[in-house]
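The values are calculated or read from the model by the stated rules, or taken from the named source; none is laboratory data. Worth saying up front: this structure is predicted, and the values here are computed from it rather than measured. So basically every Cβ, Gly included, is an ideal-geometry build from the backbone, and we count neighbours across all protein chains shown.
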Amino acid sequence: MKDLSQLPELERIFGDLRLGKHLCPEDGSVYYLLRDHFEAYERLFSALGFRLASHDRGFYYFRADGDLGKGATQMAVFFFVLVDALGNEGASIRDAIFERDHRIEELPHFKLESHRQCLAEVDIINDEDIEKVIRRLERYGFAETSNRGTFRFRSPAWRFIDLCYEAAQPEDLPDGQPDDHRDNQSAEETDS
Amino acid sequence: MAITIEDFFRFGSKYPRLLGALFEVRDAIDTVGLRALIARHVDDDAPSRQTIEEQLLAYGILERAPYADTAFELRPEVRDLLAWILKRQELATADVIRGYLGQLSELMKELQAALDAADYPAAVHPLDDLDRTLEKIRAHADGNFETIATQVQELQSQRKEMTASERFTVINRIWNRMLVPLRDLIDDRGQIEQRFDRLTRTLVDLASGNMTSANMASGDTASDPIVRGQVAPKAVRQRARHTRARLARTRRVLSERHDDAVREVEPLYEQLRADSMLLEGASRMLKELRQFGASALDLDSKIGLEGWRPSGLISDEYLEARLVDLQGYEPEGDAMLAEPPTPVEYDPLGRGQVRQALAAACPIEDAFEFILEQWPERSLAELLRVFGWVHRGDFGPSQTPEKADECAYPTGTTTVMAWPVVLERVDS
């Protein structure tokens, strides 16, 4: 495509991505347009100073240097506490994360003192703060809430799982797991 | 009392649940425990508990533990039999198989020596022992697979009883202590294949009547090669063919059963390994968060979220929050005095609150003493967390004077020992 400004749904896609949203198949046409014209979008956004990243789990986002204050940290710590709590159950943790509808009022975050301390470190003190974090997760495309008081994670939440794997054993990642699912390096290294 | 096959199996057919329960008891069981077990697992019309207890001992199913006359344990032979029936054999490690390979080597040497000396009757004994050793290897291969399959099923059905980490510990042991070393032994260039190849060649030669180098060189000129000692008698050749068939079966079973076990274990192993690492990573980061604070994790830059907007514009996040607040707002009339709010269950000290109190009191000669006096109603854990912030320099430079002595800070029933920390100023 010669005239990059004619890329389909450009305004909508750019509008979502520049606000930090992760686009995955659940987003419908905008995702598929982005996927089908990835190189053209990548070229255009790169010229505008944005790095379009592709994750091997099949979603796209703008990769920035990160200067969002506590927002990103709060989301990550919220996720780590959830993983830590699910570890005390018997079910597969990843299945429990992705295949469940999480009822907000039943979240395990404040049950243990150690978890409360961790959350307090990032200023998540009460249920209202938890709800704010969930709204933020939704805004960035990591989760989707329902009007039944539940939310569920979308595939971009794999970015938090990647962080856990890196922290566990950077040199020995599970076969076929996060090592293969990280950001597309060529997209990562696109000069902004 | 000598036990007969009939006695043993009659007892087993009358009390199968009791034998199963005894198998599950890993340690010795005392008299009281044994009688309770009997009561739970035999029918009401059975003989008295004491009679059954005496039969268990008389038939040699139980024996006394070496350290106590009133403690009993299953005889190893009975445990092995039950383990085979229940598909719960002890897993044979690569070391066990290696032991059998050593035996195979010795027997092959003995066999070769008999052939070199054309002493064919002497070849029968090592052939017998080879048969037994090969059958043991095959039995271990079968047993390993059955046990592993049973354990995998148990792990899959015990999701509620065991955490992901506990299940990974079990599967990791099977994978790394059993399957991986065995695979190394079985691989094309592994010890088992090499040993089996050599044995096959020897048996083929013996069974087909090929002359060995030793008896070829003997120079015997008799017309009958059997008489000359260049060909083994028919009975020995047939015996060698049987051992060769047994070897081929063991080789096939060993390889197939190992592949079956890997297929059984691998998906669960990979799943639990990934879960275990996920959990380990999350726990590690939470631990670092508690010890060093959020800034040490550098999560903001690792996640690298885009949040671009033209300078001077109100962020969508703020705007959205504001709109949510205003949504459906209607001015109310005069507000009635409300009932006192219910006490907040958990209201930890916030950084802002701490910063404000410290700033008002600076310079502070002993930060921990100040914290204890300032918030006497707070838990020690929370006060230590606040002290951690001060000590780490979150609010401004802090230091311990060179000549300061260690101080004792009594609080409630606990006395905390620490060196005094001076906080001269609070940075904005």
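Being surrounded by fewer than 20 Cβ atoms within 10 Å (Cβ to Cβ) and not acidic (Asp, Glu) holds for only one residue in B:ARG239, B:ARG246, and it is B:ARG246.
Among the candidates B:GLU193, B:GLU166, the residue that is within 14 Å of chain A (Cβ to nearest Cβ) and out of contact with any Lys or Arg (no Cβ under 7 Å at 6 or more places or on another chain) is uniquely B:GLU166. Of the residues that make up the stretch B:328-338, is at least one closer than 23 Å to A:ILE124 by Cα, hydroxyl-bearing (Ser, Thr, Tyr) and assigned to a loop (DSSP other than H, G, I, E, B)? No, every residue in the stretch B:328-338 fails to be closer than 23 Å to A:ILE124 by Cα, hydroxyl-bearing (Ser, Thr, Tyr) and assigned to a loop (DSSP other than H, G, I, E, B).
Looking at B:LEU297, B:LEU199, B:LEU203, B:LEU278, just one residue is surrounded by 21 or more Cβ atoms within 10 Å (Cβ to Cβ), within 30 Å of A:ASP84 (Cα to Cα) and either more than 24 Å from the chain's Cα centre (by Cα) or at pLDDT below 90 (or both), and that residue is B:LEU297.
One residue is enough: does the stretch A:153-161 have a residue meeting the conditions closer than 30 Å to B:GLU266 by Cα, at the interface with chain B (Cβ under 7 Å from one of its Cβ atoms), crowded, with 22+ Cβ neighbours inside 10 Å and touching a Leu at 6+ places or on another chain (Cβ under 8 Å)? Yes: one or more hits. Residues in the stretch A:74-89 that are at the interface with chain B (Cβ under 7 Å from one of its Cβ atoms), modelled with pLDDT of 90 or more and either within 14 Å of A:PRO156 (Cα to Cα) or surrounded by fewer than 21 Cβ atoms within 10 Å (Cβ to Cβ) (or both): A:ALA76 only. Checked against (1) touching a Gly at 6+ places or on another chain (Cβ under 8 Å); (2) within 10 Å of chain B (Cβ to nearest Cβ); (3) of a type in the set (D, E, K, R); (4) surrounded by fewer than 17 Cβ atoms within 10 Å (Cβ to Cβ), A:GLU121 passes all but condition (4). Looking across the stretch B:158-200 at every residue that is in a helix (DSSP H, G or I) and hydroxyl-bearing (Ser, Thr, Tyr), the one that is farthest from B:GLU90 (Cα to Cα) is identified as B:THR200. When the stretch B:249-275 is filtered for residues that are hydrophobic (A, V, I, L, M, F, W, C) and in contact (Cβ under 8 Å) with a residue 40 or more places away in the chain, the ones remaining, listed by number, are B:VAL253, B:LEU254, B:ALA261, B:VAL262, B:VAL265, B:LEU268, B:LEU272. Determine if the stretch A:45-56 includes at least one residue that is assigned to a loop (DSSP other than H, G, I, E, B) and buried (at least 20 other Cβ atoms within 10 Å of the Cβ). Yes, some residue in the stretch A:45-56 is assigned to a loop (DSSP other than H, G, I, E, B) and buried (at least 20 other Cβ atoms within 10 Å of the Cβ). Residue count for the stretch B:2-52 under the criterion of being surrounded by 10 or more Cβ atoms within 10 Å (Cβ to Cβ) and in a loop (DSSP other than H, G, I, E, B): the result is 9. Is one or more of the residues making up the stretch A:81-96 free of Cβ contacts under 8 Å to residues at least 24 places away in the same chain, under 25 Å from B:GLY281 (Cβ atoms) and in contact with a Lys or Arg (Cβ under 7 Å, 6 or more places away or on another chain)? Looking through the stretch A:81-96, at least one residue is free of Cβ contacts under 8 Å to residues at least 24 places away in the same chain, under 25 Å from B:GLY281 (Cβ atoms) and in contact with a Lys or Arg (Cβ under 7 Å, 6 or more places away or on another chain). Taken together, the criteria exclude A:TYR60 from residues that are more than 18 Å from the chain's Cα centre (by Cα), more than 8 Å from every other protein chain (Cβ to nearest Cβ) and buried (at least 20 other Cβ atoms within 10 Å of the Cβ). Out of B:GLN89, B:GLN151, B:GLN103, one residue alone is modelled with pLDDT of 85 or more, under 34 Å from the mean Cα position of the chain (by Cα), within 26 Å of B:HIS258 (Cβ to Cβ) and more than 14 Å from chain A (Cβ to nearest Cβ). It is B:GLN103.
This table checks each residue for (1) surrounded by 19 or more Cβ atoms within 10 Å (Cβ to Cβ); (2) facing chain B (nearest Cβ under 7 Å); (3) out of contact with any helix residue (DSSP H, G or I) (no Cβ under 8 Å at 6 or more places or on another chain); (4) within 30 Å of A:ILE13 (Cβ to Cβ).
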residue: A:ALA64; (1), (2), (3), (4): yes, yes, yes, yes
residue: A:ALA72; (1), (2), (3), (4): yes, yes, no, yes
residue: A:ALA96; (1), (2), (3), (4): yes, no, no, no
residue: A:LEU137; (1), (2), (3), (4): yes, no, no, yes
residue: A:ASN147; (1), (2), (3), (4): no, no, yes, yes
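Has the stretch B:85-97 got at least one residue that is under 23 Å from B:ASP131 (Cβ atoms) and of a type in the set (Gly, Ala, Ser)? Yes: the stretch B:85-97 contains one or more residues that are under 23 Å from B:ASP131 (Cβ atoms) and of a type in the set (Gly, Ala, Ser). Quick check on A:ASP27: is it touching a residue at least 40 places away in the same chain (Cβ under 8 Å) and not hydrophobic (A, V, I, L, M, F, W, C)? Against the criterion (touching a residue at least 40 places away in the same chain (Cβ under 8 Å) and not hydrophobic (A, V, I, L, M, F, W, C)), A:ASP27 qualifies. In the stretch B:89-120, which residue that is acidic (Asp, Glu) and not in a loop (DSSP other than H, G, I, E, B) is surrounded by the most Cβ atoms within 10 Å (Cβ to Cβ)? Once the filter is applied, the top-ranked residue is B:GLU110. Selection of the stretch A:140-160 for residues being over 21 Å from B:MET285 (Cβ atoms) and assigned to a loop (DSSP other than H, G, I, E, B) yields A:GLY141, A:SER146, A:ASN147, A:ARG148, A:GLY149, A:ARG154.
For the criterion of being farther than 30 Å from B:GLN156 by Cβ and at pLDDT 90 or above, A:ILE104 passes. Against the list (1) at the interface with chain B (Cβ under 9 Å from one of its Cβ atoms); (2) more than 30 Å from B:GLU161 (Cα to Cα); (3) surrounded by 18 or more Cβ atoms within 10 Å (Cβ to Cβ), the condition A:SER92 fails is (2).
Residues of the stretch A:16-39 that are touching a Leu at 6+ places or on another chain (Cβ under 8 Å) and surrounded by fewer than 17 Cβ atoms within 10 Å (Cβ to Cβ): A:PHE38 alone.
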